[in-house]
Amino acid sequence: MAGSNFVDYVKIFCRSGKGGAGSAHLRREKFVAMGGPDGGDGGRGGHIIVRGNRNTWTLLHLKYKRHIFAGHGESGSKQRSTGADGEDRVIEVPLGTIAKDAETGEVLFEITEHDQERILVKGGRGGLGNWNFKSATNQTPRYAQPGEDGIEMAAVLELKVLADVGLVGFPNAGKSTLLSVVSAAKPEIADYPFTTLVPNLGIVSYREHQSFAMADIPGIIEGASEGKGLGIRFLRHIERNSILLFLVPADAEDIKNEYQILLNELKQYNPELLDKGRMLAISKCDMLDEELMEEIKSDLPDLPHVFISSVANKGITELKDMIWEQLMAANE
C-alpha cells in the first residue's frame, strides 16, 4: 500500500439505466386474420452493482472516475419479443467496504466476502407491451407502458481494513517495525513521528502453516478522537479488528498512563471498541535486563502482556503465541 495510492474514502455519483418502453404492436400477417396485440415488454435498465474483490486493497480506482452510469434497457418489439436489459455497471471494492447514502448518511450495506454482490442503485423496470392488456372487453389495446426512469444518487464508499489484529500506539512506538519483522509488509520506518501516514496490512505466519492478518494504523496522540493528529481519520480501521494490540515503548515515562490515554481515545471515538480483546506489548526492550522487567511488570495494567524487541527479535515468538491464543478464544 503505497502512501500516495491508498484511498479509503470516496464519494461517487451513480445513475442506473432507464427501462425500455413496451411495444404497442399489432400482429399483421397475410394469412392471420385479426392477429391481435403482440407487443413485447421493454428490458430493465442496468443496475449499479458493488462487488467484493479480495485482490483489491484501496478505492484508488474510483478516485478519478466518480460518475458511474449504467446502460438503458431496449424497447420491446413484435411477436412478444422482450427488449434487451441495460448493461450493469460493476464496481470492484476491497473487502471491508461500507456503502452509504451521501445525503442521509444511512448505511446501505457492507461488503465482507470475496465476490459478494449488492445492488447499489436499481435499474428502472421495463414497460409492459400491449399484449399484457388484452382482455375479453379490450381485445385490441393500442397502448403500452413506458419504461421507468433510472435512479440518480450520490453514494459514499468507505473502507475499513479487515484484520485479525490491530496495532494501537503513539507515534514512534515501534508498530511499523514490528509489522515489518513479523510479516512481509514494508511500511515506512524512520526516527521521527508520523512516518506511517496510511494503514498497512501484513500477513503473519504462525506454526503449522497457519497465519493471521495484522494492521498498523497511523499513531494516535492525545486528542485524536477530537481531530488532532492523523488518528481520527484512520481510527475506523480498527473497528474491524478482532483484537487490539497496544504498543508502548519501554522508555515511556509512565507505561500504564500511556495505555490509559490510548484506551480513552478509543472510548471517545467508539465505546464498542472496548469490547474487543486487548493485549499489551512493551516494545524496544533490547536493553532491559530481568530486574528492570520485573520492576516494570509491577505497574502494568491488568491484561495479557509481553516484552518485545523487534530489532533484536526478542519476545516475537511469545507475542505470536499470545495473539494466537486470544484469536482462538475470540472465535469460540
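Yes or no: Lys18 in contact (Cβ under 8 Å) with a residue 12 or more places away in the chain, at negative phi, in a strand (DSSP E or B) and not assigned by TED's automatic domain parsing to the domain that holds Ala184?
For Lys18, the condition - in contact (Cβ under 8 Å) with a residue 12 or more places away in the chain, at negative phi, in a strand (DSSP E or B) and not assigned by TED's automatic domain parsing to the domain that holds Ala184 - is not met.
So, Phe31, is that one of a type outside the set (D, E, K, R), surrounded by fewer than 17 Cβ atoms within 10 Å (Cβ to Cβ) and modelled with pLDDT of 95 or more or not?
The answer is no for Phe31.
Of the residues Leu95, Leu120, Leu108, which is among the hydrophobic types (A, V, I, L, M, F, W, C), in a loop (DSSP other than H, G, I, E, B), under 28 Å from Leu62 (Cβ atoms) and assigned by TED's automatic domain parsing to the domain that holds Arg51?
On the way: Leu120 fails: in a loop (DSSP other than H, G, I, E, B); Leu108 fails: in a loop (DSSP other than H, G, I, E, B).
After applying the criteria, what remains is Leu95.
Let me confirm something: among Lys134, Lys122, which residue is surrounded by fewer than 22 Cβ atoms within 10 Å (Cβ to Cβ), over 12 Å from the mean Cα position of the chain (by Cα) and modelled with pLDDT of 95 or more?
That would be Lys122, the only listed residue that is surrounded by fewer than 22 Cβ atoms within 10 Å (Cβ to Cβ), over 12 Å from the mean Cα position of the chain (by Cα) and modelled with pLDDT of 95 or more.
Which residue, of Ala24, Ala2, is modelled with pLDDT under 85 and of a type in the set (A, V, I, L, M, F, W, C)?
So the residue among Ala24, Ala2 that is modelled with pLDDT under 85 and of a type in the set (A, V, I, L, M, F, W, C) is Ala2.
Could you grab me the full set of residues in region 275-299 that are surrounded by 15 or more Cβ atoms within 10 Å (Cβ to Cβ), closer than 22 Å to Leu327 by Cβ and out of contact with any Gly (no Cβ under 6 Å at 6 or more places or on another chain)?
So in region 275-299, the residues surrounded by 15 or more Cβ atoms within 10 Å (Cβ to Cβ) come out as 276-286, 288, 296.
Still in the running and closer than 22 Å to Leu327 by Cβ: 276-283.
Matches in region 275-299: Lys276, Gly277, Arg278, Met279, Leu280, Ala281, Ile282.
Working only within region 149-159, note down all residues that are crowded, with 22+ Cβ neighbours inside 10 Å and outside any strand (DSSP E or B).
Within region 149-159, just Gly150 meets the criteria.
Confirm whether Leu230 is closer than 25 Å to Tyr9 by Cα and at pLDDT 85 or above.
So Leu230 does not fit the description; no.
I'd like to know if region 305-314 contains one or more residues that are touching a Phe, Trp or Tyr at 6+ places or on another chain (Cβ under 6 Å) and either modelled with pLDDT of 85 or more or in the same structural domain as Val248 (by TED's automatic domain parsing) (or both).
no
Given (1) more than 30 Å from Ser242 (Cβ to Cβ); (2) in contact with a Gly (Cβ under 8 Å, 6 or more places away or on another chain), where does Val93 come up short, assuming only one miss?
(1)
Testing Ser81 on (1) in contact with a strand residue (DSSP E or B) (Cβ under 9 Å, 6 or more places away or on another chain); (2) over 20 Å from Ala154 (Cα atoms), one condition comes back false. Which one is that?
(1) is the only condition that Ser81 fails.
The values are calculated or read from the model by the stated rules, or taken from the named source; none is laboratory data. Just so it is clear, the model here is predicted, and its values are computed rather than measured. FYI the Cβ positions are ideal-geometry reconstructions off the backbone, even for glycines, and counts take in every protein chain you see.
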